[in-house]
Amino acid sequence: MTEVNTQEQRQKGLSQWGLAWRRFKRNKVAVIGMVMVGSIVFLAIFAPFISPYDPDRRWFVEGLARTPPSSEHLFGVDKIGRDVFSNIIYGARNALFVGLVSTAITLLIAVPLGALAGYIGGRFDELAMRLADAFIIFPSYLLILLSIKVFSVLVMGFSVSAIAVIIGFFGWPGMARLVRGQVRMLKNSDFVEGAKCLGASRMRIIFIHLLPGVIPLIMTTAMTAIAGRIMMLVSITFLGFGDPTVQDWGAMINLGREGLLTSWWESLFAGIALFYTTLGFNLTADGMADALNPRLVR
Amino acid sequence: MGLRHYVLRRILFAIPTFIAVTLIMFIVMHAVGNPISMILNRELGFSTGPAWTQAEIEAAKAFYGLDKPIWEQYFISLTNIFRGDFGRSFYSGRNVVDIIMDKLPATIVLQLASQILSLSIAIPAGIYAAMHQYKKRDFAIVTFTLFGISFPYFWFALLMIVFFAGILGWFPAVGIISIGEPIFGSTILDIIWHMILPLGVMTFSSLALTLRVMRQGMLEVIKEDYVIAARSLGLTERTVILKHALRNAITPIITSFGWLLASIVGGSAVTETIFGWPGMGRLFVSTLSSMDFPVVTGIVTITAILILGGNLLADILYSVFDPRIALE
């Protein structure tokens, strides 16, 4: 029975993705990165079941505030009487939400724009890339902070979604350039010529024939982007422009920063959580880049 | 002829970028509705007089020029910028340009120092890593850059303060200069002493990225035909790398300079706030928190000008390194 199974597999062979997955699995560091990402996603999804306490519950009445880690409060209690461990777990939700949504928004703008610019070329390409050039040297961080203050804080009364949209919007030029470059490289391939001869429409060629070839690059870049956006989000909330009612690592680091010498648990664990998450995404991205691009042998 | 023409063209290209920055800022500021409500809210916080009547609000709008059609307001603000007039602070009423000019030197000193330090580590280390690809040394450097990119620099800053200022007491935690007598009897030494921690953090945050770019550039260049040709001529490895390869490997760093500069300026807002460094970044965060919008928009505009200027300089440098560019 097993004989037949292996026989069958051998005949079927492995798809491109299967081959990439095999190369990825061989890369120990990359697998560790993926496990790190997986564990954070797990924590975020099952936060209500994993978190020992309600993250908003204050323990002042029980006489607990700024108390060091103990068996009841694994990461201690912060200066406003909240359980740090529960807040870290719920904080993963906020970080992942903004990281994923903002990257999705970047892709939504950049992929169609980059693909069209790369394929059509000419005036449209010129204009789109000029715009990207202009955007890339924007003082984006300052404009992001300003937009967050105006939209997320003043207009919408602290909106995490608005933060995600703003961060995502300012990230489009780099991604659009990458997609454009890749599409330009592929558009003179024989398979595109073939599709043209069969009468495929321009849109069909771009989105059905060309984009799949760009997906590996998009995936790798998106992973790095998620790490970068999470870092950016936490730096923004650290500066105090986040939603104060949402559990957030940046707010925790900020809250505990004066007490770092004495009550180090208040901000140390939040920093470790952030580092763990960004490192996980970056290691995975590195492994993916190697696995999906066999020409770039390491 | 080629070079002057090229520089002129780069300057012309910088103008649309600048207009785009100011336009986006203008749109953001007006998305809230008429900014007069922000100004009045600000003032209402201080005065206990009778509520504003409609006639007073209209008069206030006219006073601040906010009654004109929106495109005209933008045009006026743009011409004001070109005339060097950025308005006045909501709070102190001081000229925005004066406020910013007070803070600019501290930012520029820190930025320049960290840029120079970061490049002078990243370039040799990148070359070294590329030359020893697949070896343990390269692996160590690559691992370092991966950690460096993933490590939250603002958290790193806090740890540095705790360790070097708190536990060891070697450096001051915040500020740019000692209160009272300068340490070591010299103002410059005192400033350097205060600068070491923020400088370390800023260098660390840009080093990893620059190093990666440099290593990648070198790896691509050493496969090129002219490097192989240089080697086959029997030149020493040193000459091949430093004379033939480096010149071309360094171009990605120069071309990404504008983008790098923009991202570092952003990071300075956080670093300066943590270290109480009296620069433009900290001013931005504090004025944004207190909604002193004329100062905020002034800082973004001046930062955009600085980045464009830095980028222009990089472009010119690039065309000196690689004369083909100017001829294109």
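The numbers here are math on the coordinates, done by the rules we state, and not lab data. Since we're looking at a predicted model, the values are computed, not measured. Neighbour counts run over all protein chains shown; Cβ positions are idealised from the backbone, glycine included.
The table below gives the values:
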read-out	value
Only Lys, Arg (+1) and Asp, Glu (-1) charged, at Cβ; the protein assembly as shown dipole about Cα centre in debye	2020
Rounded Å value of the spacing that divides the Cα centres of the stretch B:210-235 and the stretch A:242-284	42
Dipole magnitude of chain A about its Cα centre (Cβ charges: Lys, Arg +1; Asp, Glu -1), debye to nearest 20	1060
Stokes-Einstein D (µm²/s) once Rh is taken as the Kirkwood radius of the stretch B:64-199 over alpha-carbon pairs, at 4 °C in 1.567 mPa s	66
Partner chain coverage, peptide A:231-240 - average Cβ within 10 angstrom	4
Where only C-alpha atoms are counted, convex hull volume of chain B per residue in Å³	194
Residues whose placed amide H lies under 5 Å from that of A:R82, excluding near-sequence neighbours	A:W59
Theoretical ellipticity at 222 nm over the protein assembly as shown - DSSP helices of four or more residues, -39500 (n - 2.57) apiece, nearest 500	-23000 deg cm²/dmol
Evaluated over the protein assembly as shown, the Cα radius of gyration and Dmax, each in Å	26.7, 91
Cα centroid of the stretch B:87-166 to Cα centroid of the stretch B:258-328, whole Å	13
Between 0 and 90°, nearest 10: helix B:136-150 axis offset from chain B longest Cα axis	10
Partner chain coverage, peptide A:146-156 - average Cβ within 10 angstrom	5
Shielding by partners, peptide B:151-164 (average Cβ within 10 angstrom, other chains)	6
Most fluctuating residue given options B:W71, B:W277, B:W259, as computed from a GNM of chain B linking Cα atoms under 10 Å	B:W71
Cα extents of the stretch B:136-291 along the three principal axes, largest first (Å)	64, 39, 28
Mean-position separation - Cα centroids, the stretch B:1-28 and the stretch A:50-83, in angstrom	54
Potential extension, B:T53-B:Q216 segment - 0.36 nm per residue separation minus Cα distance	52.2 nm
With Cα atoms, 0 to 90° folded angle of helix A:2-12 axis to chain A main axis	60
Spread of Cα-to-Cα distances over 5 Å intervals beginning at zero, given as percent, for the stretch A:238-298	4, 17, 18, 15, 12, 9, 8, 8, 7, 3, 0
Pairs of alpha carbons in the stretch B:196-282 whose separation is greater than 20 Å (percent)	50
FRET efficiency, B:Y91 to B:A60 (Cβ-Cβ, R0 25 Å, nearest 0.05)	0.90
Mean projection area, nm², convex hull over Cα of the stretch B:220-328	9.7
Diffusion constant of chain A at 37 °C, which comes from Stokes-Einstein with the Kirkwood Cα-pair radius and 0.692 mPa s, µm²/s	151
Over the stretch A:1-142, equivalent-ellipsoid semi-axes from the Cα gyration tensor in Å	43, 32, 12
Residues of type lysines that A:K196 reaches as a straight line, Cα spacing below 20 Å, ignoring anything fewer than 8 places off in the same chain	A:K187
